[in-house]
Amino acid sequence: MNFVYEKLMGGKQGFFGFLILATLILVIFPVFLDIFRLNLVGKYLTYAFAAVSLVLLWGYGGILSLGQGVFFGLGGYGMAMFLKLEASSAENTKIQSTPGIPDFMDWNQITSLPWFWEPFNSLTLTIIAILVLPALFAFIIGAAMFKRRVGGVYFAIITQVIAVILTILIVGQQGFTGGINGITDLRTLNGWDITSDNAKYIFYFLNAFLLLVVIVISRFILTSKFGSLLLAIRDKEDRVRFSGYDVSNFKIFIFSFSAMVSAIGGAMFTLQVGFMSPSFVGIVPSIEMVIFCAIGGRMSLIGAVYGTLLINFGKTTFSETFPELWLFLMGGLFISVVMFFPNGLAGIWNDYGHHITDRLPFGKKPKKVESTQSVEEKADESTA
Amino acid sequence: MDEYTSSELVSIFAMQGFAGISLFSVLLLMALGLAIIFGQMGVINMAHGEFMAVGAYVTYFMSSLTENYFPSFMPYYFIFAIVAAFIVAGILGYLAEFALIRHLYKRPLDTLLATWGLSLIMQQSFRTLFGAREVSPALPDWLLGSYQPTETIDIPINGMFVLGLTAVVTFAVFYLLYRSSWGLRVRATTQNRTMSGAVGINTKKIDRYTFALGCGIAGIAGAAFTTIASTGPTTGTLYIVDTFMVVVFGGAASLFGTIVSAFSIAQAQSILEFFISGSMAKVYTLFALVLILMFKPEGLFASKVRR
């Protein structure tokens, strides 16, 4: 029990935070929102996977990846490819010149299913691919970069270039990927209609549950010895190396893990939204994911979820009513968070939250569970 | 490739090469500014593309002003537009440094996020001020047309003008950074801020003018850009990644490396573009760059400094 409490929840404050978040997304949202809005929240929560993965990678590891959209996209495309193949059965597509292949392939004069689409006929293989491929891709990138001690700014730029390459590739290879429109018209999962309200509820809860599981696993990673090492690497990489640790392996692991987490988010996105397109892969979505994480607090797993929800609610509300103002607001918010609240919402809560909790009957002064300083020290490190 | 005769191939290479030179000029001008800001100061300026767009919009503004009020001045306005683009972008850069960047020198990754926020604001400002439509200035007559050394080769004059402009700016930057006493102070500050302060250099002032200079050069890049393509609110974002690649590939602190890498990237892309689709040409070029950088993380011409 103590193990669960300390290691999986992160002590008292972490436990309460987790409980509040779980209540919010598992009870309050489903009860008070209609299915359209709930589906929207579900979509936002899929971005939260990427935001949580960035807390691990960037907040704790000090590795800023501007390519989380790549992994989110790989997961999303994996799921979309499976659903598309199911939607393009021979009888559904008998008007095409080659029945049995997705419609966009037919439009682009492709007459047989490309080899890399074959595995996506099977759901099991698809799920394995969603979990393994992005992690493997991240492993390759990570191994190539971290083993050669490329880090900091250069890593950020190279991951960004990879996001650009993948986007251009998806848009350019229309016949294989559906091009700029992405993969659309996804209807069924093993014969089960995914556009029905019923399915949307189930996917919402599955998504929320998976997100909570990811948070618990991430918390376990952070409270373990590995988590302390990660922080140490962020703050003084050389000292950790001189202490005899192979720093690059730790970085590669956390990068691969974060890629897998983002990919789960991407797959859930496809299931809930019903399509996948390159606009969720490139630079802009990748940087937006960093924004979610930064606003929520780069050091807080739970804060990242709130940051994601807040920004996306804001985006939906504002861009509907004042589309002109939204970018100003977003830019201003971003600048002010970086300049005045480097630890985001969670940082504000840690600094001022005890004024509220002290007044509650059961409240005691919470201990700071996560290190909030040394952001500047880290920066010193990466300029050196 | 078999269906082309060898003389046709030579012409293709020459013409695509000149098309590449326009791209090279704009990339190099962008990269010169960024090499100063990123290579020398270590600031990841994601808004660099927007400073270029500022230059392009200033050129557009000048051209419509001249067209409407001083039509007889048309042949000469472009020169003044370049200067105005430099000044306006430089002033904006100066303000951005003062309000934003100077607080973040110790957190380079955060400069990336803050300047991204800045770029969002600038993009929306362009949209509000000039509309979402792409605009292009009316170019003076002497910039139009082309020069034909042989029957199959056809070289646009604006490309040669931009190339000349780039050469002038590159030389000026080289002189300013490596031959003037101001450049000495800039390089001293970037190498060791504390020490430079101790010997009496006003490092804050140096930072501000260095950043302003980098942004001003981006403004010139914008003016040059208007001769080859039209400008929209999101034009800057199209070039920012390429520009970063040029700077990183060339070796962040090396001016010569920046020139070589801008040339090779632009040429590779534009020659490949003739044989395969434009998007795939870009994919291959970027992919090759990423591969090379994995084996040579410090870029082509790394400065030999012990860190």
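Rundown of residues vs (1) at pLDDT below 90; (2) buried (at least 24 other Cβ atoms within 10 Å of the Cβ), yes/no style:
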position	(1), (2)
A:Ile35	yes, no
A:Asn39	no, no
A:Ser53	no, yes
A:Gly75	no, yes
A:Met79	no, yes
A:Leu85	yes, no
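Taking segment B:176-190, which residues are assigned to a helix (DSSP H, G or I) and either without any contact (Cβ under 8 Å) to a residue 40 or more places away in the chain or not β-branched (Val, Ile, Thr) (or both)?
B:Leu176, B:Leu177, B:Tyr178, B:Ser181, B:Trp182, B:Gly183, B:Leu184, B:Arg185, B:Arg187, B:Ala188, B:Thr189 - these are the residues of segment B:176-190 that are assigned to a helix (DSSP H, G or I) and either without any contact (Cβ under 8 Å) to a residue 40 or more places away in the chain or not β-branched (Val, Ile, Thr) (or both).
Of A:Ser196, A:Ser224, which residue is away from every other protein chain (no Cβ under 14 Å), surrounded by fewer than 15 Cβ atoms within 10 Å (Cβ to Cβ) and without any contact (Cβ under 8 Å) to a residue 12 or more places away in the chain?
Checking each option against the conditions leaves just A:Ser196.
Please state which of the following conditions B:Ala268 fails to meet, knowing it meets all the rest: (1) of a type in the set (A, V, I, L, M, F, W, C); (2) away from chain A (no Cβ under 13 Å); (3) over 23 Å from A:Thr159 (Cα atoms).
It is condition (3) that B:Ala268 fails.
Check A:Met299 against each of (1) surrounded by 24 or more Cβ atoms within 10 Å (Cβ to Cβ); (2) without any contact (Cβ under 8 Å) to a residue 40 or more places away in the chain and name the one condition it does not meet.
(2)
Hey, among the residues in segment B:226-246 that are aliphatic (A, V, I, L, M) and in contact with a Ser or Thr (Cβ under 6 Å, 6 or more places away or on another chain), which one's surrounded by the fewest Cβ atoms within 10 Å (Cβ to Cβ)?
Filtering segment B:226-246 for residues that are aliphatic (A, V, I, L, M) and in contact with a Ser or Thr (Cβ under 6 Å, 6 or more places away or on another chain), the one surrounded by the fewest Cβ atoms within 10 Å (Cβ to Cβ) comes out as B:Ile228.
Taking into account only those residues within segment A:79-106 that are in a helix (DSSP H, G or I) and without any contact (Cβ under 8 Å) to a residue 40 or more places away in the chain, which is nearest to the chain's Cα centre (by Cα)?
Restricting to residues being in a helix (DSSP H, G or I) and without any contact (Cβ under 8 Å) to a residue 40 or more places away in the chain, the top hit is A:Leu85.
Can you find a residue in segment B:15-29 that is among the aromatic types (Phe, Trp, Tyr) and surrounded by 24 or more Cβ atoms within 10 Å (Cβ to Cβ)?
Looking for residues that are among the aromatic types (Phe, Trp, Tyr) and surrounded by 24 or more Cβ atoms within 10 Å (Cβ to Cβ), one finds at least one in segment B:15-29, hence yes.
Within 14 Å of chain B (Cβ to nearest Cβ), out of contact with any His (no Cβ under 9 Å at 6 or more places or on another chain) and crowded, with 24+ Cβ neighbours inside 10 Å, is that true of A:Ser65?
Against the criterion (within 14 Å of chain B (Cβ to nearest Cβ), out of contact with any His (no Cβ under 9 Å at 6 or more places or on another chain) and crowded, with 24+ Cβ neighbours inside 10 Å), A:Ser65 qualifies.
Starting from segment B:61-80, keep only residues that are on the phi < 0 side of the Ramachandran plot, then list their pairs with residues that are among the polar types (S, T, N, Q) whose Cβ atoms are within a distance under 8 Å, requiring at least 6 positions of separation or different chains.
B:Phe73/B:Thr66; B:Met74/B:Thr66; B:Tyr77/B:Ser63; B:Tyr77/B:Thr66; B:Phe78/B:Thr59; B:Phe78/B:Ser63
Please specify each residue of segment B:85-115 satisfying the condition of being crowded, with 17+ Cβ neighbours inside 10 Å and at the interface with another protein chain (Cβ under 8 Å from one of its Cβ atoms).
Result: B:Leu100, B:Leu104, B:Arg107, B:Pro108, B:Leu109, B:Asp110, B:Leu112, B:Leu113, B:Ala114.
In segment A:327-346, which residues are under 9 Å from A:Gly297 (Cα atoms), crowded, with 23+ Cβ neighbours inside 10 Å and not aliphatic (A, V, I, L, M)?
Scanning segment A:327-346 gives A:Asn343, A:Gly344.
Within the bounds of segment A:69-78, is there any residue that is within 14 Å of chain B (Cβ to nearest Cβ), touching a Ser or Thr at 6+ places or on another chain (Cβ under 9 Å) and either in contact (Cβ under 8 Å) with a residue 60 or more places away in the chain or over 30 Å from A:Asp235 (Cα atoms) (or both)?
Yes, that holds for at least one residue.
Which condition number does A:Pro366 fail, the rest of (1) modelled with pLDDT of 80 or more; (2) more than 11 Å from chain B (Cβ to nearest Cβ) being met?
Result: A:Pro366 fails condition (1) only.
Just to check your reading of the model, which residue among B:Val173, B:Val168, B:Val162, B:Val241 is out of contact with any strand residue (DSSP E or B) (no Cβ under 8 Å at 6 or more places or on another chain), part of a helix (DSSP H, G or I) and within 14 Å of chain A (Cβ to nearest Cβ)?
B:Val241
Helices (runs of 4 or more DSSP H) wholly in segment A:138-224 with at least 2 residues that are of a type in the set (D, E, K, R), over 30 Å from B:Leu293 (Cβ atoms) and out of contact with any Asp or Glu (no Cβ under 9 Å at 6 or more places or on another chain) - which ones?
Filter on segment A:138-224 gives A:197-223.
Does any residue of segment B:228-236 turn out to be among the small types (Gly, Ala, Ser), in contact with a strand residue (DSSP E or B) (Cβ under 9 Å, 6 or more places away or on another chain) and not in a helix (DSSP H, G or I)?
yes
Just one of the numbered conditions (1) modelled with pLDDT of 85 or more; (2) outside any loop (DSSP other than H, G, I, E, B) is not true of B:Trp142; which one?
Going through (1) modelled with pLDDT of 85 or more; (2) outside any loop (DSSP other than H, G, I, E, B) one by one, B:Trp142 breaks only (1).
Results for (1) of a type in the set (S, T, N, Q); (2) more than 24 Å from A:Gly296 (Cα to Cα), shown as yes or no for each residue.
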position	(1), (2)
A:Val41	no, no
A:Thr46	yes, no
A:Leu54	no, no
A:Gly75	no, no
A:Met81	no, yes
A:Thr93	yes, yes
A:Glu118	no, yes
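Within segment B:116-146, which residues are at the interface with another protein chain (Cβ under 7 Å from one of its Cβ atoms) and either of a type in the set (Ser, Thr, Tyr) or touching a residue at least 40 places away in the same chain (Cβ under 8 Å) (or both)?
B:Trp116, B:Leu118, B:Gln123, B:Gln124, B:Thr128
The values are calculated or read from the model by the stated rules, or taken from the named source; none is laboratory data. As the structure is a prediction and not an experimental result, all values here were calculated from the model. Glycine also receives a Cβ, built like all others from the backbone with ideal geometry; neighbour counts cover every protein chain displayed.
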